[in-house]
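Visitor: The structure's right below; bear with me while I get my questions together.
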Amino acid sequence: FSLLRFENMSDTHIARLFCRAMDETEEMLSFAPPAGTPGFTTLGHLTYIHRYITMAGKIFYFPPHYDRIEAIYRCLIDRDVALELNVSTLWRGLGIGMPTLELLKFYRDCGGYLVTVGSDAHEPANLGRCIRQGYALLNAAGLHRIVTTRDGDRCLHSIE
(Lines give C-alpha, C1' and ligand atoms only; values in the text may rest on other atoms or scores of the structure.)
Protein backbone atom coordinates (compact mmCIF):
# COMPACT_ATOMS: atom_id res chain seq x y z
CA PHE A 1 0.00 0.00 0.00
CA SER A 2 2.88 2.36 0.67
CA LEU A 3 3.78 2.33 -3.03
CA LEU A 4 0.29 2.96 -4.40
CA ARG A 5 -0.79 6.38 -5.65
CA PHE A 6 -4.10 6.76 -3.82
CA GLU A 7 -4.37 10.39 -4.89
CA ASN A 8 -4.85 9.14 -8.47
CA MET A 9 -7.47 6.49 -7.58
CA SER A 10 -11.22 6.71 -7.55
CA ASP A 11 -13.05 6.24 -4.26
CA THR A 12 -14.57 3.06 -5.73
CA HIS A 13 -11.15 1.60 -6.45
CA ILE A 14 -9.90 2.53 -2.97
CA ALA A 15 -12.97 0.87 -1.42
CA ARG A 16 -12.26 -2.32 -3.40
CA LEU A 17 -8.67 -2.34 -2.15
CA PHE A 18 -9.87 -1.84 1.42
CA CYS A 19 -12.32 -4.74 1.04
CA ARG A 20 -9.56 -6.95 -0.31
CA ALA A 21 -7.31 -6.06 2.63
CA MET A 22 -10.11 -6.89 5.08
CA ASP A 23 -10.90 -10.15 3.27
CA GLU A 24 -7.24 -11.20 3.43
CA THR A 25 -7.06 -10.30 7.12
CA GLU A 26 -10.17 -12.34 7.84
CA GLU A 27 -8.75 -15.28 5.89
CA MET A 28 -5.49 -15.08 7.82
CA LEU A 29 -7.40 -15.03 11.10
CA SER A 30 -9.30 -18.15 10.09
CA PHE A 31 -6.02 -20.01 10.55
CA ALA A 32 -5.48 -18.65 14.06
CA PRO A 33 -5.84 -21.33 16.73
CA PRO A 34 -8.86 -21.22 19.03
CA ALA A 35 -8.68 -19.32 22.32
CA GLY A 36 -6.66 -21.07 24.98
CA THR A 37 -4.13 -22.62 22.60
CA PRO A 38 -0.71 -21.26 21.64
CA GLY A 39 -0.65 -18.89 18.70
CA PHE A 40 -0.28 -15.24 17.93
CA THR A 41 -1.58 -12.83 20.54
CA THR A 42 -2.12 -9.56 18.66
CA LEU A 43 -3.36 -8.40 15.28
CA GLY A 44 -1.40 -5.34 14.18
CA HIS A 45 -1.92 -2.90 11.33
CA LEU A 46 -5.61 -3.66 10.79
CA THR A 47 -6.17 -0.37 8.94
CA TYR A 48 -2.67 -0.03 7.49
CA ILE A 49 -4.14 0.95 4.11
CA HIS A 50 -5.91 3.89 5.80
CA ARG A 51 -2.55 5.49 6.64
CA TYR A 52 -1.75 5.86 2.96
CA ILE A 53 -5.26 6.88 1.96
CA THR A 54 -5.03 9.70 4.52
CA MET A 55 -1.52 10.67 3.44
CA ALA A 56 -2.88 11.06 -0.10
CA GLY A 57 -5.41 13.60 1.20
CA LYS A 58 -8.40 11.32 0.74
CA ILE A 59 -11.24 10.75 3.19
CA PHE A 60 -12.30 7.14 3.72
CA TYR A 61 -15.72 6.23 5.12
CA PHE A 62 -15.75 3.08 7.20
CA PRO A 63 -19.50 2.50 7.82
CA PRO A 64 -20.12 0.76 4.46
CA HIS A 65 -17.42 -1.73 5.53
CA TYR A 66 -18.61 -2.39 9.06
CA ASP A 67 -19.78 -5.90 8.17
CA ARG A 68 -16.24 -6.92 7.14
CA ILE A 69 -14.67 -5.13 10.09
CA GLU A 70 -17.15 -6.71 12.50
CA ALA A 71 -16.33 -10.17 11.14
CA ILE A 72 -12.66 -9.51 11.90
CA TYR A 73 -13.47 -8.20 15.36
CA ARG A 74 -15.61 -11.26 16.11
CA CYS A 75 -12.79 -13.53 15.02
CA LEU A 76 -10.33 -11.65 17.27
CA ILE A 77 -12.71 -11.87 20.21
CA ASP A 78 -13.49 -15.57 19.65
CA ARG A 79 -9.79 -16.44 19.41
CA ASP A 80 -8.71 -14.20 22.32
CA VAL A 81 -6.43 -12.15 20.03
CA ALA A 82 -5.76 -8.51 20.96
CA LEU A 83 -6.24 -5.60 18.57
CA GLU A 84 -3.26 -3.28 18.19
CA LEU A 85 -3.72 0.48 18.23
CA ASN A 86 -0.83 1.68 16.10
CA VAL A 87 0.04 5.30 16.87
CA SER A 88 2.58 5.93 14.12
CA THR A 89 -0.10 7.94 12.32
CA LEU A 90 -0.18 10.29 15.32
CA TRP A 91 3.56 10.93 15.42
CA ARG A 92 3.55 11.26 11.62
CA GLY A 93 1.08 14.13 12.05
CA LEU A 94 -1.97 12.51 10.45
CA GLY A 95 -4.17 13.08 13.50
CA ILE A 96 -5.66 9.56 13.56
CA GLY A 97 -4.87 6.24 15.15
CA MET A 98 -4.85 2.91 13.34
CA PRO A 99 -7.61 1.97 13.85
CA THR A 100 -9.39 5.31 14.23
CA LEU A 101 -11.38 6.36 17.28
CA GLU A 102 -14.55 5.44 15.37
CA LEU A 103 -13.29 1.88 14.80
CA LEU A 104 -12.02 1.53 18.37
CA LYS A 105 -15.51 2.39 19.64
CA PHE A 106 -16.96 -0.13 17.19
CA TYR A 107 -14.54 -2.78 18.54
CA ARG A 108 -15.73 -2.03 22.08
CA ASP A 109 -19.37 -2.18 20.92
CA CYS A 110 -18.68 -5.62 19.42
CA GLY A 111 -17.48 -6.80 22.84
CA GLY A 112 -13.75 -6.35 22.28
CA TYR A 113 -11.52 -5.28 25.13
CA LEU A 114 -8.05 -6.75 24.50
CA VAL A 115 -5.97 -3.91 23.07
CA THR A 116 -2.25 -3.23 22.75
CA VAL A 117 -0.59 0.04 21.77
CA GLY A 118 2.40 0.17 19.44
CA SER A 119 4.49 3.09 18.23
CA ASP A 120 5.68 1.28 15.08
CA ALA A 121 9.09 2.76 15.85
CA HIS A 122 11.41 1.11 13.31
CA GLU A 123 14.19 3.14 14.91
CA PRO A 124 15.13 4.02 18.51
CA ALA A 125 14.13 7.70 18.23
CA ASN A 126 10.48 6.72 17.72
CA LEU A 127 10.27 4.05 20.40
CA GLY A 128 7.22 4.73 22.56
CA ARG A 129 6.41 7.90 20.66
CA CYS A 130 2.76 9.04 21.10
CA ILE A 131 1.87 6.09 23.35
CA ARG A 132 0.16 8.43 25.84
CA GLN A 133 -1.93 9.91 23.03
CA GLY A 134 -2.86 6.35 22.13
CA TYR A 135 -4.01 5.78 25.70
CA ALA A 136 -6.14 8.93 25.42
CA LEU A 137 -7.75 7.55 22.24
CA LEU A 138 -8.48 4.25 23.96
CA ASN A 139 -10.01 6.01 26.97
CA ALA A 140 -12.16 8.13 24.61
CA ALA A 141 -13.34 4.88 23.00
CA GLY A 142 -14.29 3.42 26.38
CA LEU A 143 -11.35 1.00 26.42
CA HIS A 144 -9.62 1.62 29.72
CA ARG A 145 -7.07 -1.20 29.82
CA ILE A 146 -4.25 -2.45 27.64
CA VAL A 147 -2.88 -5.95 27.51
CA THR A 148 0.79 -6.85 27.50
CA THR A 149 2.26 -10.28 26.86
CA ARG A 150 5.56 -11.49 28.25
CA ASP A 151 6.80 -15.05 27.93
CA GLY A 152 3.29 -16.05 26.89
CA ASP A 153 1.67 -14.56 29.98
CA ARG A 154 -0.88 -11.77 29.56
CA CYS A 155 -1.45 -8.92 31.94
CA LEU A 156 -4.13 -6.23 31.78
CA HIS A 157 -3.09 -2.72 32.83
CA SER A 158 -5.38 0.20 33.62
CA ILE A 159 -4.76 3.34 31.57
CA GLU A 160 -7.42 5.59 33.13
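Visitor: What does the convex hull of the Cα atoms come to per residue for the range 44-104, in Å³? The partial results should precede the final answer.
Guide: Details: hull volume 4.5 nm³, N = 61.
Per residue, the Cα convex hull of the range 44-104 comes to 73 Å³.
Visitor: Under 5 Å between amide H atoms, partner at least 5 residues away or on a different chain: which partners does G118 have, H built in plane at 1.01 Å?
Guide: Residues meeting the amide H criterion: L85, N86, V87.
Visitor: A further question on this structure: Within the range 45-130, report the trypsin sites (Lys or Arg not before Pro) that DSSP leaves as loop and that have at most 16 other Cβ atoms within 10 Å. Present the calculation step by step, with values, prior to reporting the outcome.
Guide: Numbers: sites: R51, K58, R68, R74, R79, R92, K105, R108, R129; in loops: K58, R92, R129.
Within the range 45-130, the qualifying trypsin sites (Lys or Arg not before Pro) (loop, at most 16 other Cβ atoms within 10 Å) are K58, R92.
Visitor: Quick check for me: using +1 on Lys/Arg Cβ and -1 on Asp/Glu Cβ, what's the dipole size of the range 41-160 about its Cα centre, in debye to the nearest 20? Show your work: numbers first, answer last.
Guide: Values: 13 positive and 12 negative charges, 52 e Å.
In total the dipole reaches around 260 debye.
Visitor: Hey, any idea what % of the chain's accessible area is carbon plus sulfur with a 1.4 Å probe?
Guide: Values: 4470 of 8570 Å².
Carbon plus sulfur share of accessible area: 52 percent.
Visitor: If you don't mind, another one. Starting from a Cα-only point model with no solvent, please compute log10 I(q)/I(0) by Debye for the chain at q = 0.09, 0.12, 0.20 1/Å.
Guide: Result of the Debye calculation: -0.29, -0.52, -1.42.
Visitor: Any idea what the relative contact order of the range 55-160 is, in percent, if you count C-alpha pairs under 8 Å spaced at least 6 apart?
Guide: Values: 138 pairs, mean separation 24.7, N = 106.
Contact order relative to length: 23 percent.
Visitor: Still on this structure, please answer the following. At most 10 other Cβ atoms within 10 Å and a DSSP loop assignment: could you name the chymotrypsin sites (Phe, Trp or Tyr not before Pro) in the range 44-79 that fit?
Guide: Details: sites: Y48, Y52, F60, Y61, Y66, Y73; in loops: F60, Y61.
Taking the range 44-79 and a limit of 10 other Cβ atoms within 10 Å, the loop chymotrypsin sites (Phe, Trp or Tyr not before Pro) found are Y61.
Visitor: Find out how many positive minus negative residues lie around G44, taking Lys and Arg as positive, Asp and Glu as negative, among other residues whose Cβ is under 11 Å from that of G44.
Guide: Details: positive: none; negative: E84, D120.
Value of the local net charge: -2.
Visitor: Okay, moving on. P(r) for the range 16-82, please, calculated from all Cα pair distances in 10 Å bins and given in %.
Guide: The calculated distribution, bin by bin, is 19, 49, 25, 7, 0.
Visitor: Next question. Which percent, to the nearest 5, of DSSP beta bridges fully inside the chain are antiparallel? Don't jump to the answer; show the numbers that get you there.
Guide: Details: 7 of 13 bridges.
Around 55 percent of the beta bridges assigned by DSSP in the chain are antiparallel ones.
Visitor: Based on the Cβ-Cβ distance of E102 and R150, what FRET efficiency does E = 1/(1 + (r/R0)^6) give at R0 = 41 Å, to the nearest 0.05?
Guide: Efficiency, from the Cβ-Cβ distance: 0.85.
Visitor: At 1.4 Å probe radius, can you tell me the per residue accessible area of the chain in Å²?
Guide: Numbers: 8570 Å² over 160 residues.
With the other protein chains kept in place, the chain gives 54 Å² per residue.
The values are calculated or read from the model by the stated rules, or taken from the named source; none is laboratory data. Please read these numbers as outputs of a predicted model, since none were measured by experiment. As a convention, Cβ positions derive from the backbone with ideal geometry for all residues, glycine included, and neighbour counts pool all protein chains shown. The protein model used for the area step is the full one, side chains on, heavy atoms only, and it has no ligands, DNA or RNA in it. Shrake-Rupley method; radii C 1.70, N 1.55, O 1.52, S 1.80 Å.
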